[in-house]
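Written out below as structure tokens is the structure these notes cover.
FYI, it's all coordinate maths here, none of it is from the lab. These numbers were taken from a predicted model, which means no experiment stands behind them. Here Cβ is always computed from backbone atoms with ideal geometry, including for glycine, and neighbour counts include all displayed protein chains.
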Amino acid sequence: MNIQIIRNTFLASLLVGSLVISISSCKKKVTTDDSITVVDSSKILVTHASPDAPGVDLLIDNVKKNSSALAFPNNTGYLSVISGTRNIKVNVAGTSTSVINADLAFTKNQHYSIFAVDSVSKISAVVLTDDLTAPAAGKAHVRFVHLSPNAPAVDVALTGGGVVFGNKSFKEYTAFTPLDAGTYNLEVRLAGTSTVALPLPGIVLTAGKIYTVFAKGFAGGMGAQALGAEIIVNK
């Protein structure tokens, strides 16, 4: 009788063991089959800042990302890309003619701004890393980028007052700078002088927001190509 009990217990143990192995094997297989690959990603924002260039298409690794032509001085908003080195093309809209073709390296979880700049005959890319750290209470962060191809070096100042961003030439830029939230009357002056090249009245900065202000167009330009300023809300 005792032998029979031991025999039955042994068989039961073998059966339970087999079931555990079977279940574990099945579970492992499901986990493998259903596993999700987490891809490291970055964010890029592309701005058309070439005053006389036609509308463009944006291609990342030869995949078109915009449904309609991106026109001066608009931007794409932030787009997700796989981190690492990516091929970025800016094509004349609806064609395979690339005005910018560059392999750019993007770091995991980082944000970037890419500006297509200069006149169409000399168009190139300016790539900036975007620090989107949240501003302190009651503050906004503002960056200035000089993207007017033929304008001289400039200061950005309070109207009739002190300089906020000083002596920036074409393609130069500032870091994101904390400013008190509020409404500002600014002016773009020829660097080191009181000569106003462009008034910028009524600039509203909201607490907690992050902005890029860029000089656009041509000095002496007309219509859509006239010297002006554009504001991007980065966050």
| task | Show the residues, 5+ positions off or on another chain, whose built amide H is closer than 5 Å to the amide H of residue 200. | result | 186, 187, 188
| task | Please give the contour-minus-distance gain from residue 62 to residue 167: 0.36 nm per residue of separation, less the Cα-Cα distance, rounded to one decimal in nm. | result | 34.0 nm
| field | Efficiency of FRET between residue 190 and residue 233 - r from beta-carbon atoms, R0 25 angstrom, step 0.05 | value | 0.35
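Quick check on my link table: of 64/171; 65/139; 43/89, which ones sit more than 24 Å apart, alpha carbon to alpha carbon? Write down the numbers at each step before the final one.
Details: 64/171 26 Å; 65/139 34 Å; 43/89 16 Å.
Those over the limit are 64/171; 65/139.
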| said: If every alpha-carbon in segment 143-225 counts as one equal scatterer, what log10 I(q)/I(0) does Debye give at q = 0.22, 0.23 1/Å? | reply: -1.10, -1.18
| note | Rounded to the nearest whole number, the per residue volume of the convex hull around the C-alpha atoms of segment 39-130 in Å³ is 83 Å³
| Which aspartates and glutamates, on any chain, are close to residue 216 with Cα under 17 Å apart, when same-chain ones fewer than 8 places away are left out? | 52, 118, 155, 172, 187, 230
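For residue 206 and residue 180, compute 0.36 nm times the residue count separating them, minus their Cα-Cα distance, and round to one decimal in nm.
This chain segment gains 8.5 nm when fully extended.
Restricting to Cα pairs below 8 Å that are 6+ residues apart, what does the relative contact order work out to for segment 133-235? Please round to a whole percent.
Working: 266 pairs, mean separation 32.9, N = 103.
Computed over segment 133-235, the figure is 32 percent.
With a ≥ b ≥ c taken as the square roots of the eigenvalues of the C-alpha gyration tensor of segment 154-199, please select rounded if a/c is under 1.5 and otherwise prolate if a/b is larger than b/c or oblate if it is not?
Numbers: a/c = 2.11, a/b = 1.13, b/c = 1.88.
Verdict is oblate for segment 154-199.
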